[in-house]
Structure formats: C-alpha cells, structure tokens
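Written out below as structure tokens is the structure these notes cover.
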Amino acid sequence: MDAVLDGGFVVRWLTAAAGLVEREAERLTELDSAIGDADHGANMQRGFAAVVKTVDTRPPGTPGAVLIAAGRQLISTVGGASGPLYGTLLRRAGKSLGEAPQVTVGELQTALRAGVKSVQELGGSAPGDKTMLDALVPGVEALATSFEAAAGAAEQGARDTVPMLARKGRASYLGERSIGHQDPGATSSALLFAALAEAAR
Ligand code: ADP
Ligand code: MG
C-alpha cells in the first residue's frame, strides 16, 4: 500500500486505458447494441483519445491536476451518459487528491471512493442497478489488496451484471429484456482497472 504514485503514473494509467478502450471498442459497442444504442465503444474511444491528447504533456502535473484535466475532457467530449459519469469520477477523485505531487495507493483509493460516490449522486444509481458502479465499487474496494486484485474484482463485477435487471440508463427501458447481457459501462470500468494494473506493472 505504500507505493508512491506521481502525475506520470496517472498519465501512464490513462494512456493504458485509452489503449484498452481502443482494443475493446468493438466489444463495448456490441454489448451496448444488445441493451443500449450501440455507441459505448465510440463514446469511450473518442473520450479517451481526447484525454490522452490533453494529459500527454511534459512534464505532467500533479496526480490531482492530471485527473481533473482528464475528467473535464471526458465531460466535454462524450455526449453519452458515460461521459459526464466517468468525467465526474475522475474530476472528483482529482479534487480529492488536492495538490500533492505524490500520493499513496491508499490515498488514490480514498479519492476514487469519493469519485464513485459522485457518480452515484449524479446518476441517482447504486450498486445492483446494472451500471458501471457494479464494477467500480468492487474495483475500488479491492485496491486495499493490490492493483491486480482491483482489476480482477472489477472484471468479476462486470460479469456479475449479466443476470441483473437494469434499473438506470437506457438499458432500464428494456425491463426484463435487459437480463442476460453484460452491462457495457461495467465492462469499460473493468478496463479502467485493468489499465491501472498495467500502469503499475
Ligand atoms: P448512453 O447510455 O447515453 O448511450 P453510453 O452508451 O456511453 O451512454 O454508456 C452507457 C453506460 O453508462 C451503461 O452501460 C451504464 O454502465 C452507464 N450508465 C448509464 N446511466 C447510468 C446511471 N444513471 N448511473 C450509473 N451509470 C450509468
Ligand atoms: Mg449508449
């Protein structure tokens, strides 16, 4: 838990996230075509490509500043529900880190918890509603163990959305027909944790 993370680490995280989103875009779109409007892959690609452009400056700012800049970029670039939600997650986490040039994994976990809470407030959603929260919450909690554990927990959380009935977002319009499909946003959230583990390796 005492590894120290700087702004460069956060840039590597977001860059790895953009890479995974690029690689998995087709799958995200496929999932969103089953229970949404088939734009989640494109939304995430557009958003994270813009994030990388924004944060890839030399030298990087503090971890907090990098996250705030990334969050703002997602909010202004992505039209779908996921843009403001992910943007809020990163921006709120960045605010919580303040101006520290380096932070511990524990501090990052506390910051991401604050970010997840803001997502819940903005989305009016809770774990179990079949949304990104079903991967974000277990991912953030497992950060207490390791980055790898967080990636595994988020991935399991995404898989666990399959039997759920969607209560928020477009998928909720389908009612019972949303059952049996993995939530696209939970799937992209798992990619964010996989990217975190990749950046830490
Ligand atoms: P849109 O639904 O506007 O087309 P996206 O397809 O990019 O946006 O994102 C859809 C994902 O956003 C869903 O799979 C879900 O995980 C997440 N989502 C939608 N509404 C909410 C909400 N109210 N709270 C949390 N997450 C949500
Ligand atoms: Mg969509």
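List of remarks:
To keep it simple, each residue is scored yes or no on (1) under 19 Å from Leu133 (Cα atoms); (2) in contact with a Cys (Cβ under 6 Å, 6 or more places away or on another chain); (3) within 13 Å of ligand 2 (Cβ to nearest atom).
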residue: Phe9; (1), (2), (3): no, no, no
residue: Ala25; (1), (2), (3): no, no, yes
residue: Glu30; (1), (2), (3): no, no, yes
residue: His40; (1), (2), (3): yes, no, yes
residue: Val66; (1), (2), (3): no, no, no
residue: Ser76; (1), (2), (3): no, no, no
residue: Lys95; (1), (2), (3): no, no, no
residue: Gly98; (1), (2), (3): no, no, no
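- Filter result for Ser172 (modelled with pLDDT of 95 or more, among the polar types (S, T, N, Q) and within 22 Å of Gly19 (Cα to Cα)): no
- Condition met for Arg177 (touching a Lys or Arg at 6+ places or on another chain (Cβ under 9 Å) and of a type in the set (Lys, Arg)): no
- Single unsatisfied condition, Thr57 versus (1) modelled with pLDDT of 95 or more; (2) surrounded by fewer than 16 Cβ atoms within 10 Å (Cβ to Cβ); (3) away from ligand 2 (no atom under 16 Å from the Cβ); (4) not in a helix (DSSP H, G or I): (1)
The values are calculated or read from the model by the stated rules, or taken from the named source; none is laboratory data. Note that the structure is a prediction, hence the values are computed from the model and not measured. Positions of Cβ are backbone-derived with ideal geometry, glycine not excepted, and every protein chain shown enters the neighbour counts.
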